[in-house]
Amino acid sequence: MKREKELLKGNYAIARAAVEAGCQSYFAYPITPQSEIGEYLSSAMPENGRAYVAAESEVAAINMVLGAGATGVKAMTSSSSCAVSLMQEGLSFIAGDEIPCVLVSVMRAGPGLGYIYPSQGDYYQTTKGGGNGDYKIVTYAPSSVQECIDLTYKSFYVSQKYRTPVCLLADGMLGQMMEPAVVGEYPYEEIDQSSWALDGAKDREPRHIASIEREQETLRKRVVKIFEKYNKILEKENIFEKYEIEGAKLVITAFGSIARIAKAAVKKARNNGMKVGLFRPILLNPFPEKIVAEIAQKVDGILDIELNCGQMLNDIKASIACAATIPVEFYGRPAGVMMTVEEIYKQIETVYRKIVEKKYGTACI
Amino acid sequence: MEQLVYKKPDSIRDDYRITFCPGCDHGVAVRLVAEVLDELNVREKTIGIASVGCSVFSYDFFNVDIVEAAHGRSLAVATGVKRSKPDKVVFTYQGDGDLASIGIAETIHAMTRGEKVTAICINNTTYGMTGGQAGPTTLIGQVTTTTTKGRQVDISGYPLKISELLKEVDGTAYVARVTLDSPSAILNAKKCIKKAFEAQIKGIGTGFVEILATCPTNWKMTPQEAHARVRGEMSEVFKPGVYKDKVSEA
């Protein structure tokens, strides 16, 4: 069946992709700006003979996901910011239990209730986590409606292949905007979960899934094993976008929705003779440190742009700490106040002058 | 000729390791649940939820698939399991602190939805595993490590009556409070637990049994004294009985 391009809202695109990916169980509590996901799935899941439960809270929703994931089915919840805060306990347990599941996090502005404006203020919440213990939430950040679909697929695949929670980290802009996209077929192989999932101890020993472990050495080994998976994910499942990096003197780093606007500004800068490139990590956690370090070794400066007060910034700085001695500038804005292409362009121009002209002593703008 | 008159239920592991204190009622309660799973012939399709508290190591003795839940979240986890695998028998085994304090929202809403699961709640009026602190069911006047002069209403309020609360929830199909302080009480408790499983197997709604259980370690009593307390002051406040039975009506 040929799939047509459609005019799709980001939240609906994610919901449709979840159905297409074979999500069997969805549990959630409404919160703007992602409520359309739950609205769509409240009909689509039962119509497809799958499970939908309007959870009494996000605390319950993530624990329903834990239970569903423990049976080996593809399970998902979606939420936003202050409500994802309520899921941190459950996410820590899911990570410790090595249960596959997908969390769709559509960021709004914080802290606290903040408001429903699109923001990237939950980079820390997602990649550093509020849950206890040593674990990571594998995170993919889309920057278009098409990527919302493609990365929903990727999230289910990676979660099932590596038995880990995966977060699709979007924001209110991506969730609410409409643009043409294709809901293609789920492109990944199905991963057999029958060797560990709970389905009743028939003709086999009973299984248990638990994060608790009395034997210290066994617990240590388990956590180390979980971290080996993150290394493997970084090696095998890393996705990123490099734009005009070759020969660039200044590289812009940005993720998600703002990276699109930054890309337009980079194009304009290139047209005006500035040697500027863009690096957009799509896998945010584990963070692609090596790639950032390699880029840093070839450029004279980095300008990190985020819709927050500087969160990915610290991963960028950590990545290049031992690789290069170059200035890392930051341009960010909290509270969901979107930047225009012109604003970013002006910032690029200022930083480019500062970094490049100072070094080469020529006016190349 | 030898005749086997008493044996370990199949739903208890051959290599079971009981983690409860000597004299505690948990062991009897676990055995009753296991006997019921055997008698209903559902062991091979049962998924249990281990809750935080003294029952967290349920997989050490129950011979069924088990998934752990965070403190209070057992009935949310049970919901996720049952909705994903509706043909399985799903039960939680929780303490009163888990089910009625930190998890009261999950408890009430799972039962309001009428989830086809069974919840067994051990009510021993204290947080046993953490060393005997006051909980939601601690009796007025009861001395614990956090109510050293006895629970006072003006400071800590009243003990929560779990079965009375849950019988009012529309989705519950069976609600009973039982004790384990005598052979007849144990036989009655088993009947009630069986009904609570039949409630989900027959698809009527949530089955719930509250077991008034002893905690001799934290109560600082002998097992006999502890059972006398169950019969006495605990049963006066928490009256045993069947509070709701849609299973027999069905």
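Readers should treat all values here as calculations from the given coordinates under stated rules, not as data from a laboratory. No experiment lies behind these values; they were computed from the predicted model shown. Neighbour counts are summed over all protein chains in view; Cβ atoms, including those assigned to glycine, are modelled from backbone coordinates with ideal geometry.
Observations on the model:
- Part-to-part distance (alpha-carbon centres) for the stretch B:76-117 and the stretch A:136-192, which is given in Å: 30
- Mean partner shielding of peptide A:195-204, defined as the number of other chain Cβ atoms within 10 Å of each residue Cβ, is 5.
- For the segment A:44-51, counting C-beta atoms of other chains within 10 Å of every residue's C-beta and taking the mean gives 1.
- Peptide B:82-94 has a mean of 5 when you count, residue by residue, the C-beta atoms of other protein chains within 10 Å of its C-beta.
- Ranking of B:ASP245, B:ASP15 by count of other Cβ atoms within 10 Å, fewest first: B:ASP15, B:ASP245
- Compactness check for chain A: Cα Rg over 2.2 N^0.38 Å is 1.02.
- For the stretch B:23-68, the dipole from Cβ point charges (+1 on Lys and Arg, -1 on Asp and Glu) about the Cα centre works out to 40 debye, to the nearest 20.
- Selection from A:PHE240, A:ILE291, A:THR350, by position along the positive dipole direction of chain A (Cβ): A:THR350
- Under the convention that each Lys and Arg Cβ holds +1 and each Asp and Glu Cβ holds -1, the size of the dipole of the protein assembly as shown around its Cα centre is about 760 debye.
- Across the alpha-carbon atoms of the protein assembly as shown, the computed radius of gyration and Dmax are 27.9, 107 angstrom.
- When the stretch B:1-67 is described by a simple charge dipole with +1 on each Lys and Arg Cβ and -1 on each Asp and Glu Cβ, the residue from B:LEU4, B:VAL56, B:LEU32 located farthest towards its positive end is B:VAL56.
- Note on B:GLN224 and B:GLU168: the model spin-label points, each 7 Å out from Cα along the C-beta direction, lie 4.1 nm apart.
- The stretch A:241-360: radius of gyration over Cα atoms, expressed as a fraction of 2.2 N^0.38 Å: 0.95
- In chain B the longest region clear of trypsin sites (Lys or Arg not before Pro) that are loop-assigned by DSSP and have at most 13 other C-beta atoms within 10 Å covers B:18-148.
- Pairwise centroid distance, computed over Cα atoms, of the stretch B:193-237 with the stretch A:200-269, Å: 47
- Given charges at Cβ of Lys, Arg, Asp, Glu: chain A dipole, positive-most of A:LEU169, A:GLY22, A:ALA259: A:ALA259
- The stretch A:275-316 and the stretch B:28-72 have their alpha-carbon centroids 49 Å apart.
- Charges were assigned to the Cβ only: +1 to each Lys and Arg, -1 to each Asp and Glu. The resulting dipole of the stretch A:241-360 about its Cα centre is roughly 300 debye.
- With q set to 0.09, 0.17, 0.18, 0.19 Å⁻¹, the log10 of I(q)/I(0) for the stretch A:113-235, from the Debye formula over equal scatterers at the Cα positions, is -0.37, -1.07, -1.13, -1.20.
- Kirkwood hydrodynamic radius (C-alpha pairs) into Stokes-Einstein, the stretch B:122-250, 4 °C and 1.567 mPa s, D in µm²/s: 84
- Pairs from the table (A:LYS5/A:LYS317; A:LYS5/A:LYS225; B:LYS161/B:LYS202; B:LYS85/B:LYS190) lying more than 31 angstrom apart at Cα are A:LYS5/A:LYS317; A:LYS5/A:LYS225.
- Cα-based helix-to-principal-axis angle, A:216-236 vs chain A, degrees rounded to 10: 50
- Distribution of pairwise C-alpha distances over the stretch A:1-148, 5 Å bins, in %: 2, 10, 19, 23, 22, 15, 6, 2, 1, 0
- Quotient of C-alpha Rg and 2.2 N^0.38 Å, computed over the stretch A:60-118: 1.19
- Shape summary of chain B, radius of gyration then Dmax from alpha carbon positions: 17.1, 65 Å.
- With at most 13 neighbouring Cβ atoms within 10 Å, loop GluC sites (Glu not before Pro) (DSSP) excluded, longest segment of chain A: A:5-184
- Acute angle (nearest 10 degrees) that the helix A:58-70 long axis makes with the longest principal axis of chain A, alpha-carbon atoms: 70
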